[in-house]
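To start, the structure itself, in structure tokens.
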Amino acid sequence: MSHHIIKADEIHFTYPDGFHALRGISFLITHGESVAIVGANGAGKSTLLLHLNGLLLPTQGGLRVGDYPVTKETAHHIKRSVGMVFQNPDDQLFMPTVYDDVAFGPLNLGFPPEEINGRVQQTLETVGAAHLVNRPTHRLSGGEKRRVAIATVLSMTPDILILDEPTSDLDPGARRRLIELLGTFHHTKIIATHDLDMVLDLCERTIIINEGSILADGRSAEILRDEALLKKSSLEKPLRLQGCPVCGKKKKTRR
Amino acid sequence: MDLLSYRQTPVHRFDPRAKLIATLIFLFCVVSFHKYQLSNLFPYFIFPVYLVSAGDIPAGYIMKKIIVVSPFALMVAVFNPIFDTAVVSHVGHLGVTGGWISFFSIMTRFALTVGTALALIACTGFYGICNALGRLGMPRVFVVQLLFLYRYLFVLVEEAARMLRARDLRSFENRGRGLRVYGPLMGTLLLRSIDRAQKIHRAMVCRGFDGTIRITGTHSFGMREYVFLALWTVMFICFRLWNVSVLAGDFFVRLFS
Amino acid sequence: MHMADALISPAVGGTMMAASAGLIAYSAKKLKNEMDDSKVPLMGVMGAFIFAGQMINFTIPATGSSGHIGGGILLAILLGPWAAFLTIASVLVVQALFFADGGLLALGCNIFNLGFFPCLIIYPFVFKKIMGSSFTRGKLFFATTLSAILGLQLGAFCVVIETLASGISELPFGTFVLLMQPIHLAIGIVEGLASAAVVLFIHTMQPEIIEGTKVSTSALSFKKVLATLVVLAAITGGLFSWFASAFPDGLEWSMFKTAGVEELEKPKNPIYGILESIQEKTAFLPDYDFKAEPEAAPPAGEDPAAPEPEEASWPAVSPGTSLSGIIGGALTLIIAVLFGFAVRKRKVVES
């Protein structure tokens with residue numbers, strides 16, 4: 001299934017104000033992979049994500065999503081196959097009710113109206129938010145907002161899911177439930193985050209970005225143990241991999 | 001206010017268009033009375049009372065809101081007794097001037113119009129009203145504008161409140177609260193808002209936004225709505241044509257004489 | 001500044017509503033032609049910003065009071081006139097519905113007073129004219145402040161006109177103008193300074209936001225706006241006189257006031273006839289208010305120009321009906337409240 005791959009080839013991006021945000025990034029993400037993109041604030045994670053569904057186009061280098069190169073002309077196809085969940089759910093959920101927001105994408109894609117209803121219900125059930133269907137979006141709790149935000153993207157049945165900081169601002173319970181939910185998805189997943197414990201749970205592969213270029217790319221279990229590497233990119237070893245401060249013993253990596 | 005509109009009562013289930021039109025007819029009837037006509041207004045209270053009680057809306061809450069916004073009307077109305085001192089009526093031996101009658105007339109109208117508007121929104125919801133406006137021919141851009149405004153109202157108000165708190169915690173004796181700080185503070189909020197709008201636009205484009213927003217309508221204008229609208233319209237017009245208060249009063253007086 | 005439903009007549013409310021609806025439709029059409037879709041969320045968020053911005057205030061030196069931003073002119077600078085007008089209109093709709101700030105019928109008046117003047121008159125013909133093609137900070141400050149002041153003055157004046165045309169308030173024109181204009185001059189200066197402070201800050205941080213709107217407004221020609229205004233005025237006037245003849249409300253009464261003669265001929269509707277016959281019936285009641293009628297006349301005659309017939313010809317103010325009115329009014333109120341309780345009770349039983 002070649003259409004679920006993402007291939008970046010030496011992409012550079014410079015903002016109009018002259019800031020050189022990406023300085024030659026290359027990787028290949030294949031079908032069904034779950035990849036974490038980590039790095040310090042301002043390292044270029046968000047800029048990179050915006051490239052993956054054609055919102056920004058590289059100033060230099062090439063990017064392919066599935067069968068298409070990412071250009072202005074193919075942006076329509078790209079958006080359909082790449083679902084992007086933004087960091088702040090308040091930016092993502094702009095329609096008045098949960099129903100309308102989840103239906104927004106499918107309606108724009110031109111699904112027949114009679115199919116919309118079932119699609120919305122089904123997606124909300126998937127994320128465990130079926131009871132919220134008629135609620136106004138601004139009245140949801142933080143955890144509920146995340147779930148609905150993910151549903152708004154899932155309702156378009158994307159092949160690839162991109163999530164920007166999905167666990168920020170969540171209480172530990174909501175965070176745990178979200179991680180479990182994401183674990184049930186079989187999409188190709190790309191997650192930009194600072195939450196390295198979540199990375200251990202969800203992503204077998206990690207890409208570290210530092211000042212616009214790739215510092216490391218490999219198996220999460222290895223990268224997240226490399227303290228020197230993590231320190232260099234303003235990160236810290238996941239708590240679970242650190243020695244227990246009380247008894248000094250190391251815990252197991254996987255539950 | 002908004003939460004009230006998510007209750008499920010028969011009034012809430014009516015098509016918003018029916019409620020909106022009925023309310024507009026109501027308002028036109030109420031304000032079309034002459035300024036000295038006070039008693040004619042009382043029968044109209046039945047409409048807001050109906051909305052409030054059938055819609056299961058806390059009446060005290062609506063009343064409190066009416067009182068909160070009354071100062072402007074009060075300010076203008078209070079001049080009527082001063083400028084209009086011709087005695088037009090007597091209650092017992094007390095002369096009542098036209099100014100006082102029109103003063104009470106204004107305040108009664110005020111209570112009626114504001115109360116009904118609040119009751120309408122409480123049993124319809126802002127979204128319902130927007131939907132109705134759109135289906136009644138309001139330009140789509142404007143309907144979408146209303147929806148977006150309403151959606152981000154809460155977000156930005158919270159943001160402003162946080163900034164305000166941050167400023168006030170570090171301002172002492174009016175230092176720090178002047179125009180010099182105000183400009184950058186508001187400006188920052190504005191820039192953040194513009195930034196937010198850009199992010200929202202991105203989120204929209206990601207989900208296939210092409211310039212038009214498709215809104216699904218859930219209500220339909222059926223028999224119930226026609227009956228609702230017809231009944232109230234006839235009632236409003238009857239109240240406009242006959243002074244029900246006086247009729248009732250006469251009946252009462254005759255009963256005991 | 002927001003007009004309330006209680007103070008306007010249907011004639012004024014209706015015409016202003018029609019005028020504002022027309023302007024909204026026209027702006028929407030204009031906007032459709034020139035807009036890129038990123039303006040859709042921007043307008044919405046800016047509307048919310050106006051709300052949020054009115055929460056933040058600053059202390060006015062030496063007075064102890066505080067001021068905040070107005071909105072119209074700031075929005076016009078940021079969004080261009082058409083989008084700004086729609087945004088202001090949406091803000092007023094929400095204010096009317098949720099905060100009961102200005103009524104639903106008065107919405108037309110409020111949109112016109114607070115939206116039309118700053119966005120579609122002052123911005124293109126004052127702000128743009130002062131700014132010309134080059135941007136200096138001094139000019140920007142001056143233009144913003146002046147525009148805010150002028151916009152508010154025009155709006156306040158319109159409030160006076162609309163209120164007086166409605167004939168509900170007794171305030172004489174001169175008094176009302178003297179009351180409104182100075183107050184709004186003060187408010188305008190404060191709002192103007194506040195807007196200027198914000199605009200200058202934005203200009204320092206991201207000049208392209210403010211200078212970027214230069215292009216989109218060039219299409220607005222003075223002649224076109226003037227023509228639109230004339231047409232609007234004609235329609236308004238026409239509707240107005242039609243309403244005035246249909247309802248003998250506001251206008252006639254102001255005429256009566258100046259002429260000292262009751263001009264209210266018995267309206268053609270059969271209702272008034274019925275009302276009168278009812279009144280006649282009440283006169284047969286052996287009640288004291290019937291006898292009181294002749295006595296009631298002399299004190300009313302303080303004003304020699306307003307003779308007795310005035311009382312009899314208008315049913316609502318005659319003593320015969322005033323007692324019935326009071327009793328009946330109380331009765332209907334009680335009935336309305338009881339009705340409400342009954343509805344609620346029934347529901348409780350059902351559930």
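Here the Gaussian network model covers chain B, with springs between Cα atoms less than 10 Å apart; of B:SER245, B:SER193, B:SER70, B:SER193 fluctuates the most.
Taking both sides together, the accessible area buried where B meets C is about 9700 Å² for a 1.4 Å probe.
Count neighbours as other Cβ atoms within 10 Å of each site's Cβ, and list the trypsin sites (Lys or Arg not before Pro) in the range A:16-124 that are DSSP loop with at most 14 such neighbours. Working shown, then result.
Working: sites: A:ARG23, A:LYS45, A:ARG64, A:LYS72, A:LYS79, A:ARG80, A:ARG119; in loops: A:LYS72.
Within the range A:16-124, the qualifying trypsin sites (Lys or Arg not before Pro) (loop, at most 14 other Cβ atoms within 10 Å) are A:LYS72.
Taking all protein chains together, C:HIS2, C:HIS184 sort by accessible area into C:HIS2, C:HIS184, largest first [probe 1.4 Å].
What's the carbon and sulfur percent of the range A:78-149's accessible surface, probe 1.4 angstrom, rounded to a whole number? The value for the range A:78-149 is 45 percent carbon and sulfur by accessible area. Each of C:GLN181 and B:ALA161 was given a label point 7 Å from its Cα along the Cα-to-Cβ line. The distance between the two points is 4.1 nm. Here the Karplus curve 6.51 cos²θ - 1.76 cosθ + 1.60, taken at θ = phi - 60°, turns the phi angles of the range C:10-23 into couplings of x, 4, 5, x, x, 5, 5, 5, 4, 4, 5, 4, x, 5 Hz, with x standing for Gly and Pro. Expressed as a whole percentage, what fraction of the accessible surface of chain B belongs to carbon and sulfur atoms when a 1.4 Å probe is rolled over the protein heavy atoms? On chain B, the fraction of accessible area on carbon and sulfur atoms equals 68 percent.
Under a point-charge model restricted to the Cβ atoms of Lys and Arg (+1) and Asp and Glu (-1), what is the dipole moment magnitude of the range B:139-206 relative to its Cα centre, in debye to the nearest 20?
100 debye
For the range C:83-101, accessible area lost to neighbouring protein chains reaches 50 Å² or more, against the chain alone with a 1.4 Å probe, at C:SER90, C:VAL94, C:LEU97, C:PHE98, C:ALA100. In this structure chain A gives 44 Å² per residue of accessible area when probed at 1.4 Å with all protein chains present. For the range A:116-255, evaluate the Debye formula with one uniform point scatterer on each Cα (no solvent term) and list log10 I(q)/I(0) at q = 0.11, 0.19, 0.20 Å⁻¹, rounded to two decimals. Each listed q maps to, in turn, -0.49, -1.15, -1.22. With the helix formula -39500 (n - 2.57) applied to DSSP H stretches of n ≥ 4, chain B reaches a computed 222 nm mean residue ellipticity of -22500 deg cm²/dmol.
For A:PHE94, the amide hydrogen comes within under 5 Å of no other amide hydrogen, counting only partners 5 or more places away or on other chains and with H modelled in the peptide plane.
Output the pairs from B:LYS35/C:LYS32; A:LYS79/A:LYS231; B:LYS35/C:LYS128; A:LYS7/A:LYS232 with a Cα-Cα distance over 32 Å in this structure; if there are none, say none. Distance filter (> 32 Å) returns B:LYS35/C:LYS32; A:LYS79/A:LYS231; B:LYS35/C:LYS128. Taken over the alpha carbons of the range B:139-206 as equal point scatterers, the Debye sum produces base-10 log I(q)/I(0) values at 0.15, 0.18 Å⁻¹ of -0.62, -0.79. For an R0 of 51 angstrom, estimate the FRET efficiency from the Cβ-Cβ distance between A:GLU204 and C:ARG137 and round to the nearest 0.05. Efficiency, from the Cβ-Cβ distance: 0.35. Computing Rg and the Kirkwood Rh from the Cα coordinates of chain A gives a ratio, Rg/Rh, of 0.98. Ranking of A:VAL127, B:VAL157 by solvent-accessible surface, largest first: B:VAL157, A:VAL127 (1.4 Å probe, protein heavy atoms only, all chains present). Residue pairs exceeding 27 angstrom between C-alpha atoms, taken from C:LYS39/C:LYS129; B:LYS199/C:LYS30; C:LYS30/C:LYS129; A:LYS189/B:LYS199; A:LYS72/A:LYS189; B:LYS199/C:LYS129: B:LYS199/C:LYS129.
Going by a ≥ b ≥ c, the root eigenvalues of the Cα gyration tensor, does chain B fall in the rounded group (a/c under 1.5), the prolate group (a/b larger than b/c) or the oblate group? Taking the square roots of the gyration eigenvalues as a ≥ b ≥ c, chain B is oblate.
Burial annotation for the range C:156-171: residues with an accessible-area loss of at least 50 Å² between the isolated chain and the complete set of protein chains, computed on heavy atoms with a 1.4 Å probe, are C:ILE168, C:GLU170, C:LEU171.
Note on chain A: GNM, Cα springs under 10 Å; of A:LEU163, A:LEU57, A:LEU140, the largest mean-square fluctuation is that of A:LEU140.
With the dipole of chain A worked out from charges on the C-beta (+1 for Lys and Arg, -1 for Asp and Glu) around the Cα centre, which of A:SER233, A:VAL82, A:PHE185 lies farthest toward the positive end? So the residue we want is A:SER233. Between chain B and chain A, the total buried accessible area stands at approximately 2700 Å², from heavy atoms with a 1.4 Å probe. Mean sequence separation of contacting Cα pairs (under 8 Å, at least six apart), scaled by the length of the range C:110-187, corresponds to a relative contact order of 34 percent. The Cα atoms of the range C:127-184 cover 49, 17, 11 Å along the three principal axes, with the biggest extent listed first.
Burial annotation for the range A:72-95: residues with an accessible-area loss of at least 40 Å² between the isolated chain and the complete set of protein chains, computed on heavy atoms with a 1.4 Å probe, are A:LYS79, A:PHE86, A:ASP90, A:ASP91, A:PHE94, A:MET95.
The values are calculated or read from the model by the stated rules, or taken from the named source; none is laboratory data. These figures come from a predicted structure and were not determined experimentally. Neighbour counts run over all protein chains shown; Cβ positions are idealised from the backbone, glycine included. These area figures cover heavy atoms from the full protein model, side chains too; ligands, DNA and RNA do not enter into them. Shrake-Rupley method; radii C 1.70, N 1.55, O 1.52, S 1.80 Å.
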